[in-house]
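The values are calculated or read from the model by the stated rules, or taken from the named source; none is laboratory data. Not measured: the values here are computed from a predicted model. Virtual Cβ from ideal backbone geometry, glycine too; neighbours counted across all protein chains shown. Accessible surface is based on the protein model in full, side chains and every heavy atom, while ligands, DNA and RNA are left aside. Shrake-Rupley method; radii C 1.70, N 1.55, O 1.52, S 1.80 Å.
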Amino acid sequence: MTNESSRPNPYAPAGVIESESDDALHDINGDLTSDVRHRLPIWRIAIRWTFVCSLSAIPSFLFGMVVTKHQQIPAMLVGIAIFCALYTWLDWRTAQQAWRNKKSLKWTLGIMYGTRVLISIAVPIGGMLDIICGVVSTSLVTKMTGFEFEPGGPESEISTFGESFFPVLLTTLIQGGLMNVVLAIYGIVVFGIVLAIRAISGKNEPQREKTIAVDPSSLNS
């Protein structure tokens, strides 16, 4: 049985009804309060994250081409593909979670990955962080596997699946993991700033006036 009180007032002006419906979906901070987010097809999510991860991997890819004479392109591509698949799955899996509807989180993620892409494009200035993470990852892999990274030269040939494949793949994964840790720390800082800005702007906004609709038939009683 339908609750009569939940129905919109048929005598209320159209603007009032729309305002009431909008208030039902958003809280005072403008965040969605109900699960109205539609999950995108997974292929569209995959295209988005392939684009982001590919651009973000440019400095690390160039660094990998320099530090090893094997020029293990397939191993690096597999590592990038793993991160693309992981991001795609996480995005698709959490798309309809309530916390994904928060504007503060959307802004934070946009700033995070937007900054990451811009830094990656600004090679070589923006690649310093990738170089630092790359040096750390190659050092770790050398200690774990004994594989020696040697600078590449003009005589280097592109390798496929050989003894250098696994060490270079492991290096790519470790470097990507380190970059994500740095990105997460940066995201926490950005999230705090976004919350502070929204809190300040919320205090400065004027109070919304509440419109009360009157049933004309009640005036005749």
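Any residue at all in the stretch 108-130 that's at pLDDT 90 or above and of a type in the set (Asp, Glu)? Within the stretch 108-130, not a single residue is at pLDDT 90 or above and of a type in the set (Asp, Glu). Contact map, the stretch 74-96: first residue over 15 Å from ILE47 (Cβ atoms) and of a type in the set (Ser, Thr, Tyr), second residue part of a helix (DSSP H, G or I) and open to solvent by less than 80 Å² (accessible area, probe 1.4 Å), Cβ cut-off under 8 Å, separation 6 or more or different chains; pairs are THR94/ARG100.
Within the stretch 151-175, being in contact with a helix residue (DSSP H, G or I) (Cβ under 8 Å, 6 or more places away or on another chain), assigned to a loop (DSSP other than H, G, I, E, B), at pLDDT 65 or above and open to solvent by 30 Å² or more (accessible area, probe 1.4 Å) holds for one residue alone: PRO151.
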